[in-house]
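Below is one structure; the comments refer to it alone.
Only the coordinates and a few stated rules stand behind these numbers; no lab work does. It should be emphasised that the depicted structure is a prediction, and the values quoted were computed from it without experimental measurement. FYI the Cβ positions are ideal-geometry reconstructions off the backbone, even for glycines, and counts take in every protein chain you see.
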Amino acid sequence: MKTQRISLSTGIGLDVALAGPEDAPPVFLLHGFPESHRTWRGIVPLLEDRFRLIMPDQRGFGGSDKPRDLDDYRTDKAIADLLALAAALGHQKFSLVGHDWGGAVAWAAALRGGPHIEKLAIVNSPHPLLFQKSLIDDPAQRAASQYMRAFRATGMEEQIRAMGWDTFFDKSFCPHLDLATIPDADRQAYLEEWSAEGALEGMLAWYRASPILVPAMDEEDVPYPDWVMSGVPRIRIPTLVVWGMKDPALLPCQLDGLGELVDDLRIERVADAGHFVPWEKPEPVAKALADFLG
C-alpha cells in the first residue's frame, strides 16, 4: 500500500492508502475503532489485482487530521469527507466497504440514497435502526455495548493514559482474538498512532458524537428515540453484509430483520471469526467481497 496525504474541500487532510490499478473499479474501504487503513492489510493482497482500493485514515484516526470540536465527528462530516475524497480522486461512482465505525458511515451514506454508491459492503457493523432497537430491547446486546458508555464518560482519556498504551492494547483486542497472533510490528504501529497528539480524543469523539442511545443496564421502560419512531429509508443499493459470528460486542442479533430494510441483500457469515474479521480471517472476507463487487 502506498500512502499519500490528500487535502479535502471539507477542510480536513486525510492520510489515504492506495493499492491496485488506477483504472480498476474504485472501492473505498472505511475502518473503525481503534484502527486506521491498516484494518485492510490482509485484504489488500487478495483484491488489489482487480480493484482500485482506496483506504483513508478517517478523521481523528491514524495520520489524518484530528479536529477538536465534537461536532466535527458527526456522521454527516465523515460522509462529507468520503464524498470529497472521491471527488478529489476523480471518482463519480464507487463501491463502499465499511467495518465497525466505518460501517456506520457506510450505512448512513447509503441511507441518504445518493447516486455515488454503486454497491455497499458492511463488515461487522450494525444497521443503525436495528442497533438502536436492540440496545433497548435486547439485554444481551445492551450488556455487550456498555463499553460505549464508558468511552463517552468524562475523563476516559486520562484513565486510558494512566493504564498505559500496552494495557489499552490488551483490553482492546484480548476479548476478540489471541493476542499472540498480532505481530509485534503491528502492535507498535497501533501504540504509535494512539499516542499521537489528539489521537485518543479524536477516536473517542466518534462515540461521543453518535446519536445512538445506550441505556444503563438498570434502566427500564426506555423509549425509542424520535428518529427510530419516524423510521429510516429502505436501502435500494445492492448490499453485502459479512459478519464474524464470534463478535462479543456486536452480536449476531444484528442480522435479524435486515432483509426488511434492504432491498437486495446478501449475508456471509464467518463462523470462526470475531469482530476484527478483516484481518483475523481475510480470505473469506476477500472472497465474499470479490464475488459481490466483481
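Would you work out if segment 244-294 is rounded, prolate or oblate? Take a ≥ b ≥ c from the square roots of the eigenvalues of the alpha-carbon gyration tensor; rounded if a/c is under 1.5, else prolate when a/b is larger than b/c, oblate otherwise.
Values: a/c = 2.88, a/b = 1.09, b/c = 2.64.
In terms of gyration-tensor shape, oblate.
Give the Debye-formula value of log10 I(q)/I(0) at each listed q (0.16, 0.23 Å⁻¹), with one equal scatterer per alpha carbon of segment 78-197, two decimals each.
So the normalised log intensities are -1.06, -1.22.
Can you pull the three principal axis extents for the Cα set of segment 117-261, in Å, largest first?
43, 36, 26
Placing unit charges on C-beta atoms (Lys and Arg positive, Asp and Glu negative, everything else neutral), compute the dipole magnitude of the chain about its Cα centre in debye, rounded to 20.
600
Could you compute Rg(Cα) / (2.2 N^0.38 Å) for segment 199-258, with N its residue count?
Values: Rg = 15.2 Å, N = 60, 2.2 N^0.38 = 10.4 Å.
For segment 199-258, the normalised Cα radius of gyration is 1.45.
Neighbour counts of other C-beta atoms within 10 Å: give me Cys253, Cys174 arranged from fewest to most. Write out the running numbers ahead of the final one.
On the way: Cys253 17, Cys174 10.
With the fewest neighbours first, Cys253, Cys174 line up as Cys174, Cys253.
Quick check: pseudo-label points 7 Å beyond the Cα along Cα→Cβ at Ser7 and Arg208, how many nm apart are they?
Here the answer is 2.8 nm between the modelled labels.
Work out how far the C-alpha atoms of segment 2-293 reach from end to end along every principal axis, then list the three figures in whole Å, largest first.
Between the extreme Cα coordinates on each principal axis of segment 2-293 lie 54, 44, 39 Å.
Net charge within 14 Å of Pro115 by Cβ-Cβ distance, Lys/Arg positive one each and Asp/Glu negative one each, not counting Pro115 itself?
Values: positive: Lys93, Arg112, Lys119, Arg236; negative: Glu118.
Result for the neighbourhood of Pro115: +3.
Select from Ser230, Ser172, Ser125 the residue whose mean-square fluctuation is largest in a Gaussian network model of the chain (Cα-Cα springs shorter than 10 Å).
Ser230
Determine, for the chain, the count of lysine pairs separated by eight or more sequence positions (or lying on different chains) whose alpha-carbon distance falls under 20 Å.
Numbers: Lys66/Lys77; Lys77/Lys93; Lys93/Lys119; Lys119/Lys287; Lys171/Lys246; Lys246/Lys281; Lys246/Lys287.
Summing the qualifying lysine pairs gives 7.
What residues have an amide H closer than 5 Å to that of Glu268, excluding those fewer than 5 places away on the same chain, when H is modeled at 1.01 Å from N in the peptide plane?
HN-HN under 5 Å from Glu268: Val241, Val242, Trp243.
Remind me, what semi-axes does segment 178-294 give for its equivalent ellipsoid, largest first in whole Å, using sqrt of 5 times each Cα gyration tensor eigenvalue?
Details: eigenvalues 159, 123, 45 Å².
Square roots of five times the eigenvalues give 28, 25, 15 Å.
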